[in-house]
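A.B. asks: What follows is a single structure, and I will ask about it in a moment.
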Amino acid sequence: MSTSRREFLLASSSLITASSIIGAPIFAQTGNGSQEHKLPELPYAYDALEPYIDARTMELHHSKHHAAYVKGLNTAEKALEEARAKNDFALVQHWSKQAAFHGGGHFLHSMFWKIMAPPNNGGGGKPSGELLELIERDFGSFDAFQNHFTAAANAVEGGGWALLHYRPADGKLIVLQAENQHKLSPWGVFPVLGVDVWEHAYYLKYQNNRGEYVKAWWNVVNWEQVEKNVKALKGVAL
Ligand SMILES: [Fe+2]
């Protein structure tokens, strides 16, 4: 197989995998051959995660913050498209950073909505089956994983995330942090679970008490979706 053919297939499988992780299509045809990113609908009502995450926070988080990342990503990609058309790359550094920041925000928030579910209706409890086995293999126990992940979330400097990644190269699960939406994770890993610890995710209900928010958040984790995310990544050649 030629190098270009192999690269194309790898890129295609990664795109398919990314789409399956965040669920709804991340691209929508605009009709003129270009593509733009769209805000996905939530898979539940704004008040569905009460009492752990309040409806007003969910509404603002989704309809304002996530929407801003979608808009920012479209703006950055459009600006880079125009730069190519004009062969004017004076602002390439600015727009490249904007594309990474807003692109990270769009992807992580799209995943975030999917890996949560109403408490006692898909959310909360503990993982089971194959996912539990993987967690126990890579972290020693579910409690050790949960303690590690919680500590990572509580210790993020400023706005960011704690992320559980799957690393296809060796099939391992690893916990890392992200500052902002896109810093501190290496190449070759894919988030399968994450908690948003930007203040916009919890300030209305929990004020400055991030620890209480993270503790409550475990009650809405959709483990079934996390397991689907891991399975979607198995077999990806990287
Ligand atoms: Fe957020």
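The values are calculated or read from the model by the stated rules, or taken from the named source; none is laboratory data. Because the structure is a prediction, the values reported are computed rather than measured. For neighbour counting, all protein chains shown are included, and Cβ atoms are generated from backbone atoms with ideal geometry for every residue, glycine included. Please note that ligands, DNA and RNA were not included when accessible areas were found on the heavy atoms of the full protein model with its side chains. Shrake-Rupley method; radii C 1.70, N 1.55, O 1.52, S 1.80 Å.
A.B. asks: With the requirement that a residue be basic (Lys, Arg) and more than 16 Å from the ligand (Cβ to nearest atom), what does segment 196-233 give you?
C.D. replies: Within segment 196-233, Lys215, Lys228, Lys231 meet the criteria.
A.B. asks: Oh, and also: Determine whether Ala162 is within 15 Å of the chain's Cα centre (by Cα), within 19 Å of Met116 (Cα to Cα) and within 16 Å of the ligand (Cβ to nearest atom).
C.D. replies: Judged against the criteria, Ala162 is a match.
A.B. asks: Taking segment 148-195 as the region of interest, how many residues are assigned to a strand (DSSP E or B) and of a type outside the set (Val, Ile, Thr)?
C.D. replies: Matching residues across segment 148-195 total 19.
A.B. asks: Scan segment 141-162 residue by residue and report those that are touching a Gly at 6+ places or on another chain (Cβ under 7 Å) and open to solvent by 30 Å² or more (accessible area, probe 1.4 Å).
C.D. replies: Asn154
Residue-by-condition table, conditions (1) over 27 Å from Leu73 (Cα atoms); (2) without any contact (Cβ under 8 Å) to a residue 60 or more places away in the chain; (3) of a type in the set (Val, Ile, Thr):
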position: Leu164; (1), (2), (3): no, no, no
position: Lys215; (1), (2), (3): yes, no, no
position: Val220; (1), (2), (3): yes, no, yes
position: Glu224; (1), (2), (3): yes, no, no
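A.B. asks: Which condition number in (1) aliphatic (A, V, I, L, M); (2) open to solvent by less than 40 Å² (accessible area, probe 1.4 Å); (3) over 24 Å from Gly103 (Cα atoms) is the one that Leu204 fails?
C.D. replies: Unmet condition: (2).
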